[in-house]
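Asks: Quick one: structure below, then a few questions.
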Amino acid sequence: MGGKDSSSNSSSGYTYTGSGTNSQGNHYCSRQGNDGGSGYHYSNTNGSYYYANTNGSTYYNNGQGQSTYTSPSGYTKTSGK
């Protein structure tokens, strides 16, 4: 696992609370929202990436042109291939 980084990005509404690389070689970064929500993202070795945002929404891109967004209320939109 990588090191911990705690840096602020208050203009974006969150503070980074940690980052590193998991056992599969995928990079992750966690953050705490100024509104109290928490989130993280993964950048995967296969080119895909996943965001769990501090507002409860998620975004996934499979690295091959397809992405899926899910809003905090559960609405899902998929686009691409």
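The values are calculated or read from the model by the stated rules, or taken from the named source; none is laboratory data. Model, not experiment: these values are computed from the prediction. So basically every Cβ, Gly included, is an ideal-geometry build from the backbone, and we count neighbours across all protein chains shown.
Asks: Name the single residue that is farthest from THR15 (Cα to Cα) among those in the stretch 47-71 being in a loop (DSSP other than H, G, I, E, B) and among the polar types (S, T, N, Q).
Replies: Of everything passing the filter in the stretch 47-71, GLN64 is farthest from THR15 (Cα to Cα).
Asks: All but one of (1) modelled with pLDDT of 95 or more; (2) part of a loop (DSSP other than H, G, I, E, B); (3) crowded, with 16+ Cβ neighbours inside 10 Å hold for GLY74, so report the exception by its number.
Replies: Against the list (1) modelled with pLDDT of 95 or more; (2) part of a loop (DSSP other than H, G, I, E, B); (3) crowded, with 16+ Cβ neighbours inside 10 Å, GLY74 comes up short only on (3).
Asks: Filter the stretch 29-45 for residues that are modelled with pLDDT of 90 or more and in contact with a Gly (Cβ under 6 Å, 6 or more places away or on another chain); which is surrounded by the most Cβ atoms within 10 Å (Cβ to Cβ)?
Replies: Filtering first and then ranking leaves ARG31.
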